[in-house]
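Notes for the one structure printed next.
Please treat every number below as a calculation from the coordinates, not as lab data. Worth saying up front: this structure is predicted, and the values here are computed from it rather than measured. We place every Cβ from the backbone using ideal geometry, glycine too, and count neighbours over all the protein chains shown.
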Amino acid sequence: METVRLSRDQHVFHFRADAEPVLSVEPGTVMEIETWDCYRGQVTSEEHTPDTVDESLINPATGPIAVRGAEPGDSLSVTLLDIRPESRGSAMCQPDWGQLGHLVAPTTRIFTVEDGWVTMNDRVKFRARPMFGVIGVSPASGDIHTLQAGRHGGNMDNNDHGIGATIHLPVFQSGGQLAIGDMHASMGDGEISGTGVEIGGLGIVRVDLVKGVSGRWPVTETADSIITHATADGDITEALQLACEEAARLLVDHWDFTPEDAFIFLSVAGDLGIAQYCHPCPGTVIAKMRIPKIAAVPRAFR
């Protein structure tokens, strides 16, 4: 099947229930998806601070892309075959935003990315961990800004969404209407300042369908793990609780665990974590629960 390319000129700022696709593809299609950074190219030097950014241009996501045959109740599975950041990215911090916002002045840092390394300055250099922050589909109703996360996916900001990961998105509308953006050359768990290394680039992805089965939220698979998600509006405790419940539901419904065995297995072998918790911040908070792949749980869905 020929690789399909989609330019970042085709982008949206909302996941809409009534979205019309700019492209329709068959399951199994490999696509080259070009993406903007989260600022849509506005931040080019350290002279740019948060108050100079046009917020109406924040978080463009390339798409929407319809996958033929995708229907509500299915999972649209997106495998990240490769992620190729551009050579320059940026990150910011600002007062009263994030856990250390009370200590800082508005600041921008420009990063260079080369040969798998990210350079912040002449002292700070670290390995790149490219990933996508925004991967989502049309919601069941209404429209949701690409800055937000929910059952449709969206701005999940999970740094496990790097090369090799497969994200199973629950389908709510015919075709799914996939959109992808918000690439980071690196992003820490929690993204506590509100930014990773924000960067444009090219993602090479394959889209597939799992018919007749889905999670309540997106479920991610890596080589050794299954990762459930849950979101809440500012309440990280609620998100953590829901991510645990989603992981237990997967074990019970798909792999014949009792609720008690699921609870104990997740406690002794699972990892509960935070994908996004820049607090205080107007964005969604996202929790994740990592289930190790073992013989009794070899994949997300039976």
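The angle separating the long axis of helix 236-255 from the principal Cα axis of greatest extent in the chain is about 40 degrees. Is the shape of region 53-155 rounded, prolate or oblate, going by the alpha carbon gyration tensor and its root eigenvalues a ≥ b ≥ c, with a/c under 1.5 for rounded and a/b larger than b/c for prolate? Cα axes put region 53-155 in the oblate bin.
Under the convention that each Lys and Arg Cβ holds +1 and each Asp and Glu Cβ holds -1, the size of the dipole of region 172-302 around its Cα centre is about 460 debye.
Where a ≥ b ≥ c are the square roots of the eigenvalues of the C-alpha gyration tensor, would you call region 200-302 rounded, which needs a/c under 1.5, or, failing that, prolate if a/b is larger than b/c, or oblate? Since a/c reaches 1.5 but b/c is at least a/b, the shape of region 200-302 is classed as oblate. Packing, taken as the mean count of other beta carbons within 10 Å per residue, orders the peptides 47-53, 154-160 from highest to lowest as 154-160, 47-53. Length available on full extension from residue 47 to residue 2: 0.36 nm per residue minus the Cα-Cα distance, which gives 11.9 nm. Can you list the aspartates and glutamates whose alpha carbon sits under 14 Å from that of residue 125, skipping same-chain ones fewer than 8 residues off? Here the aspartates and glutamates satisfying the reach criterion relative to residue 125 are 114, 115.
Listed highest first by mean packing, meaning other Cβ atoms within 10 Å per residue, what order do 228-234, 173-179 come in?
Values: 228-234: 22.1, 173-179: 26.1.
Averaged packing, sorted descending, gives the order 173-179, 228-234.
Between helix 259-269 and the chain, what is the angle of the helix's C-alpha long axis to the longest principal axis, kept within 0 to 90° and rounded to the nearest 10? Once rounded, one gets 40 degrees.
Each residue, residue 252 and residue 109, gets one label point 7 Å from its Cα in the Cβ direction; the gap between the two is 4.4 nm.
Placing +1 on the Cβ of every Lys and Arg and -1 on the Cβ of every Asp and Glu, with nothing else charged, gives region 11-133 a dipole about its Cα centre of roughly 420 debye.
In deg cm²/dmol and to the nearest 500, what is the mean residue ellipticity at 222 nm of the chain if only DSSP H runs of at least 4 residues count, each as -39500 (n - 2.57), divided by the residue total?
Numbers: 2 runs with 31 residues, N = 302.
Result for the chain: -3500 deg cm²/dmol, rounded to the nearest 500.
When each of the peptides 182-190, 20-28, 77-85 is scored by how many other beta carbons lie within 10 Å of its residues on average, the order from highest to lowest is 182-190, 77-85, 20-28.
The calculated FRET efficiency for residue 9 paired with residue 99, based on their beta-carbon distance and R0 = 41 Å, is about 0.65. When region 4-223 is described by a simple charge dipole with +1 on each Lys and Arg Cβ and -1 on each Asp and Glu Cβ, the residue from 185, 48, 80 located farthest towards its positive end is 80.
Which percent, nearest 5, of DSSP beta bridges in the chain are antiparallel? The partial results should precede the final answer.
Numbers: 75 of 82 bridges.
Bridges in the chain are about 90 percent antiparallel.
Lacking any other cysteine beta-carbon closer than 4.7 Å, the following Cys residues of the chain have no compatible partner: 38, 93, 244.
The label point for residue 123 and the one for residue 32, both projected 7 Å from the Cα toward the Cβ, are 4.1 nm apart.
Checking every one of the trypsin sites (Lys or Arg not before Pro) in region 210-287 against DSSP loop status and a limit of 14 other Cβ atoms within 10 Å picks out 211. Can you classify region 4-223 as rounded, prolate or oblate using the Cα gyration tensor, where a ≥ b ≥ c are the square roots of its eigenvalues, rounded means a/c under 1.5, and otherwise it's prolate if a/b beats b/c and oblate if not? Prolate, since a/c reaches 1.5 and a/b exceeds b/c. When the Cα positions of 11, 33, 100 are compared along the charge dipole of the chain, 33 comes out farthest toward the positive end, with charges on each C-beta of Lys, Arg, Asp and Glu. Using Cβ point charges alone (K and R +1, D and E -1), the dipole size of region 4-223 about the Cα centre works out to roughly 440 debye.
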